[in-house]
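Input: a single structure, listed below in C-alpha cells.
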Amino acid sequence: MPEEAWVVVGTIGRAHGLKGEVEVVTGSDEPLRLGPPSVYPHPDGGVLTARAVRRHHQRVLLAFDEVTDRTGAEALKGLELRIPGTERRRLPTDEWWPEDLVGLTVVDPGGIEVGVVVDVVVGGPQDRLVVETPAGRREVPFVAALVPEVDVLGGVVVVEAPDGLW
C-alpha cells in the first residue's frame with residue numbers, strides 16, 4: 001500500500017513494566033480502540049498484533065502478542081502505529097481530520113486571503129488552527145464562533161478573527 005494511504009494512530013513511548021507493555025501517545029478521542037483486534041505493520045516486515053490495551057493513570061498502555069518482555073518493549077520506542085486510511089472511522093459532517101485542514105487557504109468573512117493552515121494543534125481547552133500569515137504564525141481556536149465555515153473540497157476555511165489577531 002502506498003505510504004500516503006496509511007494513517008498514524010499512535011506513537012510508542014517507553015516500556016512499562018516487565019511483561020512487554022508500552023505507553024502509547026495518541027491523539028485519538030478513543031485510545032482504547034488501539035487494542036485488539038488491531039494489527040500494525042512493523043518496519044522489519046512483520047506485524048504487531050494488539051493483545052491488550054488499558055488506561056493507567058493518564059496513560060494508554062498497549063501489549064502485543066509478539067512482545068513479551070521489557071527488552072522487546074524498549075526496542076519499539078518511537079515506532080509509529082499505522083492503519084490503512086480506509087480503516088478510519090467515518091466522521092460526522094462537521095468534523096475533519098487534522099491533515100485534511102493543513103494547506104487550506106484562510107480567508108476573512110469578506111473573502112480576503114489572510115494565510116494558510118500549516119498545522120492543527122489537537123488538545124487543550126480546544127483544538128487550534130496554526131495559520132501562516134505575512135506577519136508570522138498565529139493560532140486560532142477551532143471553535144464555531146471563530147471558524148464558521150470549513151470547505152475542504154474548495155480548499156478554504158473562513159476565520160472571523162478577533163481584532164489584533166492578524
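Please treat every number below as a calculation from the coordinates, not as lab data. As the structure is a prediction and not an experimental result, all values here were calculated from the model. So basically every Cβ, Gly included, is an ideal-geometry build from the backbone, and we count neighbours across all protein chains shown.
What ranking do 58-68, 26-36 get when scored by the average of other Cβ atoms within 10 Å per residue, highest first?
Ranked by mean Cβ neighbours within 10 Å, highest first: 58-68, 26-36.
If you average the sequence gap of Cα pairs under 8 Å that are 6 or more apart and divide by the length of region 98-158, what percent do you get for the contact order?
Details: 113 pairs, mean separation 18.5, N = 61.
Averaging sequence separation for qualifying contacts and normalising by length gives 30 percent for region 98-158.
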Legend entry - Which of Ile112, Ile12 has the fewest Cβ neighbours within 10 Å, and the rest in rising order: Ile112, Ile12
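Tell me, what is the FRET efficiency for Arg82 and Val152 to the nearest 0.05, using R0 = 25 angstrom and their Cβ-Cβ distance as r?
Efficiency, rounded to the nearest 0.05: 0.65.
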Legend entry - Geometric extent, Cα atoms of the chain - Rg, Dmax (angstrom): 19.2, 59
Legend entry - Options Leu79, Gly154, Thr133, ranked by Cα towards positive dipole end of the chain, top entry (Cβ charges): Leu79
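Report, in deg cm²/dmol and to the nearest 500, the calculated mean residue ellipticity at 222 nm for the chain, where each DSSP H run with n ≥ 4 adds -39500 (n - 2.57) and the sum is divided by the residue count.
On the way: 2 runs with 9 residues, N = 166.
Mean residue ellipticity, 222 nm, calculated: -1000 deg cm²/dmol.
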Inset, instruction - Average the reciprocal distances over every distinct pair of alpha-carbons in region 85-163, invert the result, and give the Kirkwood radius in Å. - result: 12.9
Inset, instruction - Convert 25 °C to kelvin, take the viscosity as 0.890 mPa s, use the Kirkwood radius over C-alpha pairs of region 3-87 as Rh, and evaluate the Stokes-Einstein diffusion coefficient in µm²/s, rounded to a whole number. - result: 194
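Taking the Cβ of each residue in Glu21, Glu80, Glu95 as the centre, tally the other Cβ atoms inside 10 Å and list the residues starting with the fewest. Please list the in-between numbers first.
Working: Glu21 21, Glu80 14, Glu95 10.
Lowest to highest Cβ neighbour count: Glu95, Glu80, Glu21.
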Inset, instruction - Please label the shape of region 85-124 as rounded, prolate or oblate, based on the square roots a ≥ b ≥ c of the eigenvalues of the alpha-carbon gyration tensor (a/c under 1.5 means rounded; beyond that, a/b larger than b/c means prolate, else oblate). - result: prolate
Inset, instruction - Could you line up Leu48, Leu129 from fewest to most neighbouring Cβ atoms inside 10 Å? - result: Leu48, Leu129
